[in-house]
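Comments concern the structure below.
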Amino acid sequence: MLSLKEVTISSSMFSASEKKPSDLDSSITGSFFKNARLAIRVCAAILFVAVTTFILARLIPVNATTAGFLYLVAILFIATKGGLVEATVASVAAMLCFNFFFLPPVRTLTIADPQNWVALFAFLATSLTASQLSARAKRRAMEADERREEVERLYALSRALLLVDISQSIAKQIVRQILLTCEFPGVALYVRATGELYRAGLEPGDVDIKLRESTVRSEVLKGDELDLVVTPIRLGGEPIGSLAFRGGRFSDAALQSLLNLVAIALERANSQKAVTQAEVSRQSEELKSTLLDAIAHEFKTPLTSIKAVTTDLLAESPASLKPHQQELISIVDESTDRLSKLVTDAIQLARIEGGTFRLNVGAHLPNSLVNAALRQMRSVTAERKIEVIVSEDLPPVRVDGELIQLVLTHLLDNALKYSPPENPIKIGARLGENKVIFYLADKGRGISEQEQAMIFEKFYRGKNERSSQGTGMGLAIVREILRAHGEEILVTSSPAQGSEFSFGLPVAQRGMSQ
């Protein structure tokens with residue numbers, strides 16, 4: 001599971017910054033209307049206290065105790081419907097009305113009995129405390145509703161992001177889902193990996209620059225527009241993109257969760273694309289191997305017929321053919337052998353890459369594997385000096401015998417092609433740590449360090465060997481067969497010093513059948 005580092009949104013994200021004249025005008029206008037609404041609510045609170053006083057003093061005369069209790073009820077009602085400011089103003093107004101109309105001497109702001117001073121201040125303290133508690137409870141209830149709404153929106157967004165279609169624009173789908181679920185007036189998203197940028201409700205220009213800059217710098221930035229915020233999207237501590245939004249009312253924690261959801265959606269989309277591409281590549285490789293195998297087999301039949309004809313003609317008495325005819329038939333015969341080997345290598349490589357071959361593992365003595373490979377290559381090694389260095393007491397190895405013989409024949413064929421005829425070729429085996437190390441060394445031109453990493457690729461042939469008879473598939477086949485055994489082939493070489501290929505094979509357990 002990917003570790004997701006929490007995205008930190010700086011508190012300065014919503015702090016004041018330098019604003020353009022148009023932004024200042026908008027801010028002043030918004031502040032004016034906000035203060036006007038507050039003034040209206042305060043006046044309404046004072047009016048409510050006045051109406052309550054009129055009812056208690058004129059319409060339904062009550063004593064001071066009842067009046068104080070009803071004033072408290074009125075203040076709690078104002079605190080519930082309004083806020084702390086309105087409740088505080090109403091508390092002071094109610095205290096003055098209570099003193100003026102209900103505490104003797106009435107219709108004055110003086111108090112004759114000292115005990116009434118205590119009652120008056122107790123009333124004021126009680127009303128202020130009650131209004132604060134009521135306002136706090138209302139604020140917490142509103143915050144709880146906002147958090148609940150945020151959680152519901154984030155849950156809806158997470159479900160929507162799970163249904164992102166990777167065949168279409170990822171950024172476009174994410175932006176649209178954020179607009180639908182979070183109700184931001186404007187949103188823009190930049191994806192660093194693909195360079196994709198999509199916006200909705202935001203004008204191009206400054207926001208595009210800020211999105212890229214925020215990703216590169218991994219910092220929260222402010223845009224030229226009022227309340228436009230651009231924040232990076234991080235995954236595993238690394239910025240993978242950035243998100244711009246305007247007019248959002250989410251809390252910092254909710255915005256962090258929103259950015260995390262977007263980061264997970266982007267990573268999930270990338271993973272799905274990688275899996276899809278890998279599957280397409282695998283199917284393409286299998287199809288290619290199947291076609292190559294089919295085509296190679298189609299070549300086998302005519303090549304067999306051509307080889308039979310040339311062999312029959314060359315077997316006739318020399319008197320029946322003219323010298324130039326014999327020469328032409330010999331060329332055809334040699335070319336047929338070369339093409340037949342090329343087709344055989346292609347079939348082997350296609351089967352290996354297509355995964356259609358299986359290891360037939362058994363215990364085999366190293367000297368028997370080497371001798372079997374030499375017997376197969378007898379026709380081409382008859383005039384070459386081959387030094388065999390294999391001890392008779394080496395333990396058996398646990399391998400597919402036929403495939404390892406194929407490895408040795410390819411290595412031997414490679415050495416015969418790329419080393420001078422007068423130089424000997426060494427083939428042998430020695431005991432290593434829980435393995436038997438097979439090696440084949442020649443005294444050829446050698447292989448440069450740069451080419452050593454390339455010679456095992458399909459169809460690659462040395463820079464100085466373009467005129468050789470090699471197909472470029474032999475060493476690729478060798479590497480794949482050894483990898484199927486869980487081993488790797490090594491090469492040690494330097495120019496003008498020859499080359500040595502070596503590989504290890506696991507020692508067979510005692511009692512394993514040969």
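The values are calculated or read from the model by the stated rules, or taken from the named source; none is laboratory data. Bear in mind the structure is a predicted one, so any value in this text is a computation, not a measurement. Every residue, glycine among them, receives a Cβ derived from its backbone with ideal geometry; neighbour counts consider all protein chains shown.
Report whether or not Gln173 is in contact (Cβ under 8 Å) with a residue 40 or more places away in the chain and either aromatic (Phe, Trp, Tyr) or in a helix (DSSP H, G or I) (or both).
Here the answer is no, as Gln173 does not meet what is asked.
Any idea which of (1) at pLDDT 80 or above; (2) over 30 Å from Leu365 (Cα atoms); (3) not basic (Lys, Arg) is the one Ile489 doesn't satisfy?
(2)
Taking the stated definitions as given, is Glu146 of a type in the set (D, E, K, R), assigned to a helix (DSSP H, G or I) and under 30 Å from Gln256 (Cβ atoms)?
Answer is yes for this residue.
From the residues in segment 307-331 that are surrounded by fewer than 16 Cβ atoms within 10 Å (Cβ to Cβ) and either among the β-branched types (Val, Ile, Thr) or in contact with a strand residue (DSSP E or B) (Cβ under 6 Å, 6 or more places away or on another chain) (or both), which one is modelled with the lowest pLDDT?
Val309
When both residues are 6+ apart or on different chains and their Cβ atoms are under 6 Å apart, which pairs have a first residue that lies in segment 88-99 and is in contact (Cβ under 8 Å) with a residue 40 or more places away in the chain, and a second that is aromatic (Phe, Trp, Tyr) and crowded, with 24+ Cβ neighbours inside 10 Å?
As it stands, the answer is Ala94/Tyr71, since those pairs meet every condition given.
Evaluate the following for Gly444: is it in the same structural domain as His485 (by TED's automatic domain parsing), under 18 Å from Thr492 (Cβ atoms) and over 46 Å from the mean Cα position of the chain (by Cα)?
Working: in the same structural domain as His485 (by TED's automatic domain parsing): yes; under 18 Å from Thr492 (Cβ atoms): yes; over 46 Å from the mean Cα position of the chain (by Cα): yes.
When the stated conditions are applied, Gly444 passes them.
Would you mention how many residues in segment 418-428 are touching a Ser or Thr at 6+ places or on another chain (Cβ under 8 Å) and farther than 11 Å from Thr381 by Cα?
So the count comes out to 1.
Within segment 149-160, does at least one residue satisfy the condition of being under 18 Å from Ala244 (Cβ atoms), surrounded by fewer than 20 Cβ atoms within 10 Å (Cβ to Cβ) and among the hydroxyl-bearing types (Ser, Thr, Tyr)?
Step one: of segment 149-160, the residues under 18 Å from Ala244 (Cβ atoms) are 157.
With the extra rule that they be surrounded by fewer than 20 Cβ atoms within 10 Å (Cβ to Cβ), the set shrinks to none.
Scanning segment 149-160, I find no residue that is under 18 Å from Ala244 (Cβ atoms), surrounded by fewer than 20 Cβ atoms within 10 Å (Cβ to Cβ) and among the hydroxyl-bearing types (Ser, Thr, Tyr), so the answer is no.
Give Ala112, Ala93, Ala171, Ala64 a once-over and let me know the one that is over 20 Å from Arg41 (Cβ atoms), of a type in the set (A, V, I, L, M, F, W, C) and at pLDDT 80 or above.
On the way: Ala112 fails: at pLDDT 80 or above; Ala93 fails: over 20 Å from Arg41 (Cβ atoms); Ala64 fails: at pLDDT 80 or above.
Sole residue among the options that is over 20 Å from Arg41 (Cβ atoms), of a type in the set (A, V, I, L, M, F, W, C) and at pLDDT 80 or above: Ala171.
Give me the residue from segment 402-428 that is closer than 14 Å to Leu374 by Cα and either part of a strand (DSSP E or B) or hydroxyl-bearing (Ser, Thr, Tyr) (or both) and, out of that set, nearest to the chain's Cα centre (by Cα).
Result: Thr409.
So which residues in segment 185-197 are surrounded by 14 or more Cβ atoms within 10 Å (Cβ to Cβ), within 15 Å of Val262 (Cα to Cα) and either touching a strand residue (DSSP E or B) at 6+ places or on another chain (Cβ under 6 Å) or touching a residue at least 60 places away in the same chain (Cβ under 8 Å) (or both), if there are any at all?
Within segment 185-197, Val187, Ala188, Leu189, Tyr190, Val191, Arg192, Leu197 qualify.
Which residues, counting only those in segment 416-430, are in contact (Cβ under 8 Å) with a residue 40 or more places away in the chain and either in contact with a Pro (Cβ under 7 Å, 6 or more places away or on another chain) or aliphatic (A, V, I, L, M) (or both)?
Ile425, Ile427, Ala429
Based on what the data block shows, is Arg107 surrounded by fewer than 12 Cβ atoms within 10 Å (Cβ to Cβ) and on the phi > 0 side of the Ramachandran plot?
Judged against the criteria, Arg107 is a match.
Can you tell me which residues in segment 381-401 are surrounded by 13 or more Cβ atoms within 10 Å (Cβ to Cβ) and either out of contact with any helix residue (DSSP H, G or I) (no Cβ under 6 Å at 6 or more places or on another chain) or part of a strand (DSSP E or B) (or both)?
Thr381, Arg384, Ile386, Val388, Val390, Pro395, Pro396, Val397, Arg398, Val399, Asp400, Gly401
Within segment 456-486, restricting attention to residues that are closer than 22 Å to Leu403 by Cα and among the charged types (D, E, K, R), which residue is modelled with the lowest pLDDT?
By that ranking, first place goes to Lys458.
Taking Arg159 and the conditions (1) under 28 Å from Val275 (Cα atoms); (2) part of a helix (DSSP H, G or I); (3) in contact (Cβ under 8 Å) with a residue 12 or more places away in the chain; (4) out of contact with any strand residue (DSSP E or B) (no Cβ under 9 Å at 6 or more places or on another chain), which numbered condition does it fall short on, given that it satisfies the others?
Every listed condition holds for Arg159 apart from (3).
For a quick check of your reading of the model, give me the residue pairs whose first member lies in segment 431-455 and is in a loop (DSSP other than H, G, I, E, B) and modelled with pLDDT under 90, whose second is aromatic (Phe, Trp, Tyr) and surrounded by fewer than 18 Cβ atoms within 10 Å (Cβ to Cβ), with beta-carbon atoms closer than 7 Å and at least 6 apart or on different chains.
Met454/Tyr460
Condition check: assigned to a helix (DSSP H, G or I) and at pLDDT 70 or above. Does Arg338 satisfy that?
Judged against the criteria, Arg338 is a match.
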